[in-house]
Amino acid sequence: MKDIIRLCLVLAAVCFCGAAALVYVNAKTLIPRQQAQQTALAESLFMVLPPETNAVNALELPLDKGLSFFLASDEEGRPLAVAGQGSTNTGFGGEVVVLVGLERDGRIRGVMVSKHSETPGLGTKATDRKQVKSLWKVLAGKEKDLDFPPNDYLDIYSGRQAGSFVLGGGSAEQRIDGISGATTSCQAVLAAVNRVCDAYNKNRDAIWAAQ
Amino acid sequence: MSATKEFLKGLWKENPVLVLMLGMCPTLAVSSSAKNALGMGAATTFVLVGSNVAISLVRKVVPDKVRIPCYIVIIAVFVTIVEMLMAAYAPPELNVTLGIYIPLIVVNCIVLGRAEAFASKNSPWLSLFDGLGMGVGFTLALMALGAVREFLGAGTIFELQLFPKWEPFLLMQYAPGAFFVLGFFLAGMNMLRIRRARLEGKTYTPPSFDCSQCNLCELGKD
């Protein structure tokens, strides 16, 4: 009996020390973690919005959970483009968050996946924008960083009219072809993009009127 | 001198991946590119060093019967710290690719294996070097695998293209490719050891991967 109490006490003490250490690190990294998240969002927004963008404002609209819109304006405060953020939980690794840049006429500027937990090497083919640099060009100093690296799947959306897309089917305007080995991830991205497009089409006037 | 020995053994003689055959899950999963391998290796090394030192410090206080739960708690604490530090300071793209594998370090056999086989019997100073050596050995093995797989699968190394018109050998990017490349690595490792044994005039007996013959840990002796 005495033994059991001793074992419990030791285990409890170890857990307590561990918890204390975590509380300390959590408090110390709270602000840097939030900053890192905000920087990541700002960088992704910059990628899907036009280069003339001067200021980006988050819009307050009565939308479903996981949906938000950002309005980009130029130096004189005129609205330039809109970025919609939408999430879905149907990814292979759970949540997938996309950012969709939309032009004034409702065409898609570009799609970015800002958060996901897809399998590296498989699902990430449908989510990651990656620039392939040549080793020799980098050594020679000739390689330039692209503002918007390509992705075979995400680039299909660019220039399309915001609507309801269908993976591998539907009419010519709706059809989006997936990537083999990443079907679930493609579907998740598509679902999130569709949510954003749907919300955009329903709230178009409110979004552009917001200043 | 002894600390150097403890550090160096993890690199080659007792390399966790290629000799001890520990931590196969992250090895196969994250070695799809050299960059992922480096990130995963660095995170694992941090956890290994931290948990080795902490476990070595409490080794005389913790009773034998509850040592495994205590080790797991300590390892989990360090993994959570790594997760928070990475979310705060690591480049976002690394976070995105490694995100789901970081929590899995808790159950990485290398970390628990070193805790049980080394840290629970040696001083914190030696445990630190053991953890560091094992971590670096793990990182190097993972990077070697990752570089080969990335080169064959995409024609790049560290995301830098070597040849402009490389026909990608896609299989290497998938799980079966990891098994193939690891198999060749292990065969090469055995070949080197057989040759060395022959030069020294001994006969080489390949290690048997049977839990009952392994002296690495004492998990089976309770």
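Computed from the coordinates by the stated procedures, all read-outs in this text should not be read as laboratory data. Because the structure is predicted, anything quoted here is derived from the model rather than measured. In this analysis, Cβ positions are derived from the backbone assuming ideal geometry, glycine residues included, and neighbour counts consider all displayed protein chains.
Can you tell me the dipole magnitude for chain A around its Cα centre, using point charges on the Cβ only (Lys, Arg +1; Asp, Glu -1), in Debye to the nearest 20? If you can, show how the numbers build up before the last one.
Details: 22 positive and 22 negative charges, 137 e Å.
Magnitude of the dipole: close to 660 debye.
Please report Rg over Rh for the protein assembly as shown, where both radii come from the alpha carbon positions and Rh follows the Kirkwood definition.
Working: Rg = 25.6 Å, Rh = 24.5 Å.
Reported Rg/Rh (Cα atoms, Kirkwood Rh): 1.04.
How many angstrom lie between the C-alpha centres of the stretch A:102-147 and the stretch B:1-38?
Measuring centre to centre over Cα atoms gives 31 Å.
For the stretch A:46-209, what does the relative contact order come out to in percent, with C-alpha contacts under 8 Å and a separation of six or more?
Working: 341 pairs, mean separation 36.0, N = 164.
Computed over the stretch A:46-209, the figure is 22 percent.
Going by the alpha-carbon gyration tensor, a ≥ b ≥ c the square roots of its eigenvalues, is the stretch A:46-209 rounded (a/c under 1.5) or, if a/c is not under 1.5, prolate (a/b greater than b/c) versus oblate?
Details: a/c = 1.82, a/b = 1.15, b/c = 1.59.
Judged from the Cα gyration tensor, the stretch A:46-209 comes out oblate (a/c at least 1.5, b/c at or above a/b).
For a test of understanding, tell me how many lysine pairs in chain B have Cα atoms under 25 Å apart, given they are 8 or more places apart or on different chains.
Taking the Cα cut-off of 25 Å, the pair count is 16.
Summing -39500 (n - 2.57) over the DSSP H runs of n ≥ 4 in chain B and dividing by its residue number, what mean residue ellipticity at 222 nm do you reach, to the nearest 500 deg cm²/dmol? Working shown, then result.
On the way: 8 runs with 134 residues, N = 222.
The helix-only estimate for chain B comes to -20000 deg cm²/dmol at 222 nm.
How much of the DSSP beta bridge set in chain A is antiparallel, as a percent to the nearest 5? Walk me through the numbers before you get to the answer.
Working: 26 of 28 bridges.
DSSP beta bridges in chain A are roughly 95 percent antiparallel.
Taking the Cα atoms only, what angle lies between the long axis of helix A:183-202 and the longest principal axis of chain A, rounded to 10 degrees?
60
Can you compute the helix-only [θ] at 222 nm over chain A? Use -39500 (n - 2.57) per DSSP H run of at least 4 residues, normalise by all residues, nearest 500 deg cm²/dmol.
Numbers: 4 runs with 79 residues, N = 211.
The helix-only estimate for chain A comes to -13000 deg cm²/dmol at 222 nm.
Any idea what the dipole of the protein assembly as shown comes to, in debye rounded to 20, about its Cα centre with Lys/Arg Cβ at +1 and Asp/Glu Cβ at -1? Walk me through the numbers on the way to the answer.
Values: 40 positive and 36 negative charges, 329 e Å.
Value, rounded to 20: 1580 debye.
Which value does Rg/Rh take for the stretch A:1-88 over its C-alpha atoms, Rh per Kirkwood?
Details: Rg = 23.4 Å, Rh = 17.1 Å.
Rg/Rh: 1.37.
If I fit a long axis through the Cα atoms of helix A:2-48 and take the longest principal axis of the Cα atoms of chain A, what angle between them do I get, 0 to 90°, rounded to 10?
Once rounded, the angle reads 20 degrees.
Calculate the all-directions average of the projected area of chain B's alpha-carbon convex hull, and give it in nm². Mind showing how you got there, number by number?
Working: hull surface 56.4 nm².
Reported value for the Cα convex hull: 14.1 nm².
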